[in-house]
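Quick notes on the structure that follows.
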Amino acid sequence: GQGRPDGCAVFHRLGQSPGHRAHYFQDRLEDGRISGHLALVLDFDVGGARLRVACTHLRWDRPDRPVEQHQGMQQATELIDELIREDPEALWIVCGDFNAQPGEPLVQAFEAAGLRDAYAGRHQPTCNANGLPKTIDFLFHSAALRARPDPLPALDERTPLPSEQEPSDHLPISARLLR
């Protein structure tokens, strides 16, 4: 929305036909327009259980803005309240660019909602914005799932992103999730 060039995608094996929908966040920009940010939500049947995958790019906000006014935090709260808490029986995977680092309130909100960080205790930088490597991409999952995160390549302030090896300004993160 709002003429933004980025979006969300979830790739899955052929033959599976998940239900899907775009959940547009109701947060507003300073000029009053809705931001256009979304969470793409897919539903899969996995051995009789419902697996819901939400992929999103939460909005970055100025570091001096109070947490309760932070637009990314408002989006995270909406995602947790309107989707995850409304369907607690489902197995959940929530992933994407959260524009927050481990330990920050936005990340803690997902943990407080009962989701686990697949890379907890093993975080490495996933983005190199302005020569500052940081971890801002996450893969959260329901407690009923166990995660085996895939290793990430080393990233430091000299690592160019995007590059010929990594076509995005973020490293892809992934994990094997078992029940």
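Taking residues in region 61-75 that are farther than 14 Å from ALA109 by Cβ and at pLDDT below 85, and partners anywhere that are open to solvent by less than 90 Å² (accessible area, probe 1.4 Å) and outside any helix (DSSP H, G or I), the pairs with Cβ atoms closer than 7 Å and at least 6 places apart or on different chains are ASP61/HIS70. For region 42-74, name all the residues that are buried (at least 20 other Cβ atoms within 10 Å of the Cβ) and polar (S, T, N, Q). If the condition is that a residue be buried (at least 20 other Cβ atoms within 10 Å of the Cβ) and polar (S, T, N, Q), then THR56, GLN71, GLN74 are the ones that fit. Of all residues in region 121-179, those being touching a strand residue (DSSP E or B) at 6+ places or on another chain (Cβ under 6 Å), of a type in the set (Ser, Thr, Tyr) and farther than 26 Å from VAL46 by Cβ number 2.
Can you name every residue in region 65-100 that is closer than 18 Å to ILE136 by Cα and in contact with a strand residue (DSSP E or B) (Cβ under 6 Å, 6 or more places away or on another chain)? Once the filter is applied, which keeps residues that are closer than 18 Å to ILE136 by Cα and in contact with a strand residue (DSSP E or B) (Cβ under 6 Å, 6 or more places away or on another chain), region 65-100 yields LEU79, ILE93, VAL94, CYS95, GLY96, ASP97, PHE98.
The values are calculated or read from the model by the stated rules, or taken from the named source; none is laboratory data. For clarity, every value in this text was computed on a predicted model and none was experimentally measured. All Cβ positions, glycine included, derive from the backbone under ideal geometry; neighbour counts span all protein chains shown. Remember, those area values only see protein heavy atoms, side chains included, never the ligands or the DNA or RNA. Shrake-Rupley method; radii C 1.70, N 1.55, O 1.52, S 1.80 Å.
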